[in-house]
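Chemist: Could you have a look at this structure, given as structure tokens, before my questions?
The values are calculated or read from the model by the stated rules, or taken from the named source; none is laboratory data. The structure displayed is predicted, hence computed values, not measured ones. Counting neighbours? That spans all protein chains shown, and the Cβs are built from the backbone with ideal geometry, glycine included. Areas reflect the complete protein model, heavy atoms only, side chains present, ligands, DNA and RNA absent. Shrake-Rupley method; radii C 1.70, N 1.55, O 1.52, S 1.80 Å.
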Amino acid sequence: MSIHQPPVTRTERMLAEIWCDVLELDEVGVLDNFFEAGGYSMLMQLVRAQIAERTGVRPTLPELFIHSTIRSCAAFLDGSAAGGPAKGGSAKGGSVTAGTATGRQGVERVTEPVVDRVPEREPVRDTDIAVIGLACRFPDAVDADQFWDNLVSGVDSISRFPPRSIPGPGGGKREYVPARGLLREPEWFDAGYFGYTPREALLTDPQHRILLECAVEAVEGAGYDPDRFPGLIGVYAGCSLSSYTETLRARQREDQSITTWDILMGTTSDYLASRIAYKLGLRGPTANVQAACATSLYAVHFAARALLAGECDLALAGGSSVRLPAELDNYRVGGITSPSGVCSPFDTAADGVVGGQGCGITVLKRLSEAIADGDHIHAVLRGSAVNNDGRDRAGFTAPGVRGQVEVVRAAQRAAGVTPSSITYLEAHGTGTRVGDPIEVAGLNQAFDDGKTREEPCLLGSVKGNIGHLDAAAGIAGFIKTVLAVERGTVPPSLHYSVPNPDIDFAAGPFVVVTEPTPWAPVGQPRRAGLTARGLGGNNAHVVLEQPPAPLPRAGAEDHQLLVLSAHTPAALDELTARVADRLADRPDLELRDVAWTLQVGRRLHGYRRFAVVRDRQDALRVLGGGAPERLVDGDHARDGRAVALLAPRTADAGLVRHWQALGPAPDLTLGPDSDQAAIGSALDTPGRVFLDLGDPGTAARLREHPRWTPEHLVVPVTDPLAALGELWLAGLPIDWAAARTEPARRVPLPGYPFQRQPYLLEAGPAVQPSPSAPEAGPNTERTVSMLFTEMLGLPEVDPEDSFFDLGGDSLVANELMGRLEQLLPVRLEVRAMYDAPSVREFTALVEEQLRGAAVRND
């Protein structure tokens with residue numbers, strides 16, 4: 001706290017009178033902070049009005065926020081503060097609209113993506129990072145493509161509800177419009193895909209579950225299968241405060257099976273990143289990131305740094321903010337919530353924040369390696385920086401200018417670029433009356449490099465489209481900016497028509513975009529800055545650049561093998577349809593790249609399908625069901641199958657080596673001279689695959705042998721691609737690179753079609769079974785079965801099914817043992833569940849203990 005010092009100069013005494021009047025105080029000291037003394041932004045506007053009335057000088061709100069003590073403000077008004085005297089008058093505004101002259105370069109409305117004329121690029125720097133994967137769930141958007149379509153079309157995805165009223169001045173009422181950007185069915189989740197029991201899914205915060213699904217989509221979108229990736233994959237992510245915790249605690253009072261440990265593991269942000277690493281099998285560094293509204297852009301920064309430090313070879317970064325049940329922000333006078341329910345960044349009508357739900361994540365990789373590996377590169381992250389405003393601002397929750405200037409310039413230095421080379425800026429842009437002017441004031445300083453610009457720096461904010469997503473706000477702006485950099489169009493910033501008079505657009509290079517705008521800077525690549533700011537003073541800034549053009553390659557399209565797999569038959573059918581749709585919608589995709597991405601860039605599942613196709617049209621016909629006999633299905637994939645070669649007497653040694661190089665590792669070879677004993681011995685291995693290199697006679701003898709079973713498989717190599725498909729269908733590892741005769745690249749393909757179901761607990765009384773403690777006998781099995789269903793969250797279980805196959809693990813088993821002790825006079829260790837994992841086996845173990853206890857009691 002500051003020591004009370006009375007005003008001394010004439011200007012200080014004037015300001016003290018104004019403050020006392022506005023804040024209704026008896027006295028104030030010259031070192032008191034306006035906001036700590038009870039002020040807020042609307043009251044600061046009253047202060048400004050009185051200053052203008054008494055002095056004829058009308059300072060901007062950002063200037064008053066910066067000079068938030070009487071001493072600082074008096075010095076500023078007297079012209080003795082750094083930066084010179086306050087200036088009267090309002091700022092000029094700027095915007096870019098279709099065909100509207102702005103004193104700078106005019107633009108036209110976009111109907112098609114611009115044709116790139118990529119300038120001569122500088123060499124790849126060691127510090128350049130490639131953005132190779134994107135996934136998101138935002139209001140009105142289930143993926144990045146739908147998000148982009150909404151942005152370019154200017155869709156406002158905010159849900160608004162009937163007006164409410166609060167007490168107003170003089171006993172009257174003031175109305176406001178409750179509004180929020182809401183996800184569609186955020187409680188729906190594919191528990192089976194991740195091996196969750198229904199109970200585990202119900203006890204896991206939806207914002208964790210959504211980020212988990214997005215992580216799968218992002219890695220697949222990058223074209224990688226974590227199980228086959230040779231390096232380390234890291235995860236950096238953060239989320240908002242969990243409201244689901246409150247729901248679980250309310251249910252815990254009624255449902256004793258919900259433990260404090262369940263709530264901790266299911267909702268605490270500490271386990272957000274590590275949960276992704278566990279379920280996806282990632283072995284790189286994992287860290288939860290918390291930086292308020294800048295959380296997910298901080299995560300991007302830390303992920304990029306980890307790649308540059310060599311701590312991982314791929315890095316996932318993002319954030320999630322989903323509060324369930326969905327809560328609408330209640331408006332209060334002096335708060336930051338918009339009473340109109342409309343977020344209007346930079347506009348004179350800006351009246352506050354509109355909240356939202358959402359989740360986003362990206363996959364990063366060192367640029368040089370992404371180019372060498374043929375990855376699809378959405379954008380290049382050239383540099384980033386983070387910092388904090390410290391005390392140099394109006395208050396703890398207020399933004400500062402100096403910190404923002406420093407973080408932007410630090411990111412530009414890291415990127416090795418000048419401010420004048422950046423032609424788009426995605427601002428934090430919350431739509432608050434004072435926050436936007438302060439942000440633009442800082443940007444004006446940061447972008448003032450003294451160089452003449454040939455064109456303006458376009459300015460926008462995604463919050464007008466989807467609202468402020470809290471911990472996911474930074475990644476929302478990141479994904480928008482990455483797509484703009486990649487596709488050459490800047491989407492409109494919504495709800496902007498007349499500039500906020502406190503924004504000094506004339507002092508900087510910025511113009512707000514109000515129409516989809518072609519983006520093709522003259523003589524340089526598309527380059528953008530992106531800012532995120534968090535309550536508490538956290539600042540983050542990144543510099544993104546247009547991706548390098550793919551290197552030319554030769555080689556005509558030939559027959560291709562398309563492979564698809566899924567966790568369920570329904571998901572496999574949906575995935576097939578999605579790939580067909582992508583081929584139809586994207587004629588620029590080369591079939592060889594689609595085949596390669598499916599072969600190496602998707603996790604392998606039990607239900608599989610392949611097709612050998614000639615060209616794009618043939619692929620569309622086959623995948624669309626026009627030739628069902630050419631879609632070969634199988635659910636017999638299994639690990640560890642033994643392989644034998646069937647080779648004729650004159651077998652080509654080169655052919656043998658070729659098939660061995662493709663992945664199958666034969667442990668024996670049969671041929672025309674093999675006797676019945678050798679054939680029988682080979683068939684003694686269950687599920688053995690016989691690769692027929694041209695010995696149909698031996699293949700026939702195998703099928704006729706009495707030890708032949710449906711699990712055995714003969715694969716002829718007369719059609720090499722079909723043979724590869726059959727081997728893959730059976731679960732054998734394939735070296736797809738060795739099988740390819742022409743260069744191929746990874747391309748973005750549709751994500752996994754999750755088969756979701758709703759999982760949501762709501763506060764309220766729970767219906768609990770209350771079985772009486774049974775004695776040994778038929779009731780014991782019913783009790784054990786009840787415990788299995790209760791702890792696994794299943795409606796029923798087969799008495800022969802394994803607890804662990806049903807989704808249980810050691811933690812759930814430990815809870816089950818605790819519940820068992822409450823119901824029966826037995827005490828078992830967790831390892832007993834591993835020895836007797838089914839209801840029937842475990843019942844026998846319990847009854848044995850019960851009988852032993854009865855004998856001892858006798």
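Chemist: Put +1 on the Cβ of every Lys and Arg and -1 on every Asp and Glu Cβ in the chain; which of 852, 260, 842 then has its Cα farthest towards the positive end of the dipole?
Modeler: So the residue we want is 260.
Chemist: Here's another thing I want to ask about it. Grab the beta carbon distance between residue 369 and residue 677, set R0 = 60 Å, and tell me the FRET efficiency rounded to 0.05.
Modeler: About 0.70, to the nearest 0.05.
Chemist: Roughly how many percent of the accessible protein surface of the range 563-635 is carbon and sulfur, given a 1.4 Å probe and a whole-percent answer?
Modeler: Carbon-and-sulfur percentage of accessible area, whole number: 50.
Chemist: Can you list the equivalent-ellipsoid semi-axes of the range 559-619, largest first and in whole Å, using the square root of 5 times each Cα gyration tensor eigenvalue?
Modeler: For the range 559-619, the ellipsoid semi-axes come out as 19, 12, 10 Å.
Chemist: If amide H atoms are built 1.01 Å from N in the plane of the peptide, which residues on other chains or at least 5 residues away come under 5 Å of the amide H of residue 500?
Modeler: Excluding prolines and chain starts, which carry no amide H, the hits are 347, 348.
Chemist: Then there is this: With every protein chain left in place, what is the accessible area of residue 72 in Å² (1.4 Å probe, nearest 10)?
Modeler: 40 Å²
Chemist: Using only Cα atoms, locate the centre of the range 388-413 and the centre of the range 149-191, then give the distance between them in Å, rounded to an integer.
Modeler: Value for the Cα centre distance between the two parts: 30 Å.
Chemist: Based solely on its DSSP helices, what 222 nm [θ] is calculated for the chain when runs of n ≥ 4 H residues each add -39,500 (n - 2.57) and the sum is averaged over all residues, nearest 500 deg cm²/dmol?
Modeler: -10000 deg cm²/dmol
Chemist: Aspartates and glutamates near residue 173 by alpha-carbon distance under 19 Å, same-chain residues fewer than 8 away left out - which ones?
Modeler: Straight-distance partners of residue 173: 329, 351.
Chemist: Specify which labelled value, from (1) 396; (2) 213; (3) 162, agrees with volume of the Cα convex hull per residue in Å³ derived from the coordinates of the model shown.
Modeler: (2)
Chemist: Using θ = phi - 60° and the Karplus relation 6.51 cos²θ - 1.76 cosθ + 1.60, list the HN-Hα couplings for the range 266-278 in order, rounded to whole Hz, with x at every Gly or Pro.
Modeler: x, 10, 6, 5, 4, 9, 5, 6, 5, 5, 4, 4, 5
Chemist: How large is ³J(HN,Hα) for each residue in the range 790-805, as worked out from phi by the Karplus curve 6.51 cos²θ - 1.76 cosθ + 1.60 (θ = phi - 60°), to whole Hz, x for Gly and Pro?
Modeler: 5, 6, 9, x, 9, x, 6, 9, 6, x, 9, 6, 6, 3, 7, 5
Chemist: What does the accessible area per residue of the chain come to in Å², with a 1.4 Å probe and no ligands, DNA or RNA counted?
Modeler: Heavy-atom accessible area per residue stands at 42 Å².
Chemist: So if I take the alpha carbon set of the range 567-719, get Rg, then get Rh from the Kirkwood formula, what is the Rg over Rh ratio?
Modeler: With Rh from the inverse mean 1/r over Cα pairs, Rg/Rh is 1.04.
Chemist: Now a separate question. Under a plain spin-label model, where a point goes 7 Å from the Cα along Cα-to-Cβ, how far apart in nm are residue 268 and residue 668?
Modeler: Computed distance between label sites residue 268 and residue 668 equals 5.5 nm.
Chemist: Counting Lys and Arg as +1 and Asp and Glu as -1, each charge on the Cβ, what is the dipole of the chain about the Cα centre in debye, to the nearest 20?
Modeler: The dipole of the chain has a size of about 2000 debye.
Chemist: Rounded to two decimals, what ratio of Rg to Rh does the range 522-563 give with C-alpha atoms and a Kirkwood Rh?
Modeler: 1.33
Chemist: Still on this structure, please answer the following. Of the GluC sites (Glu not before Pro) in the range 515-609, which ones lie in a loop per DSSP and count no more than 15 other C-beta atoms within 10 Å?
Modeler: Answer by residue number: 557.
Chemist: Would any residue of the range 539-566 have its amide N under 13 Å from a label point 7 Å out along Cα→Cβ of residue 589? List them or say none.
Modeler: What the label zone holds, given the 13 Å backbone N cut-off, is 562-564.
Chemist: Name the residues whose placed amide hydrogens come within less than 5 Å of the amide hydrogen of residue 717, ignoring near sequence neighbours (fewer than 5 apart) on the same chain.
Modeler: When sequence neighbours closer than 5 places are left aside, the close amide H contacts are 692, 694.
Chemist: Related question: Hey, can you grab everything whose amide H is under 5 Å from the amide H of residue 353? Only 5+ residues off in sequence or another chain; H modelled, so Pro and N-termini drop out.
Modeler: Counting only residues 5 or more places away or on other chains, the set is 337, 338.
Chemist: With unit charges on the beta carbon (Lys/Arg positive, Asp/Glu negative), name the residue among 739, 678, 660 whose Cα is farthest towards the positive pole of the charge dipole of the range 599-743.
Modeler: Among 739, 678, 660, the one farthest towards the positive end of the dipole of the range 599-743 is 739.
Chemist: Using the Karplus equation 6.51 cos²θ - 1.76 cosθ + 1.60 (θ = phi - 60°), what ³J(HN,Hα) coupling, rounded to whole Hz, does each residue of the range 641-650 give in order, writing x for Gly and Pro?
Modeler: Each residue of the range 641-650 in turn: 5, 7, 10, 10, 8, 10, 10, x, 4, 9 Hz.
Chemist: Points 7 angstrom from Cα along the Cβ direction at residue 396 and residue 621: gap in nanometres?
Modeler: The modelled label-to-label distance comes out at 7.0 nm.
Chemist: Taking every DSSP beta bridge that has both residues in the chain, what percent is antiparallel when rounded to the nearest 5?
Modeler: Given both bridge residues lie in the chain, the antiparallel proportion sits at roughly 60 percent.
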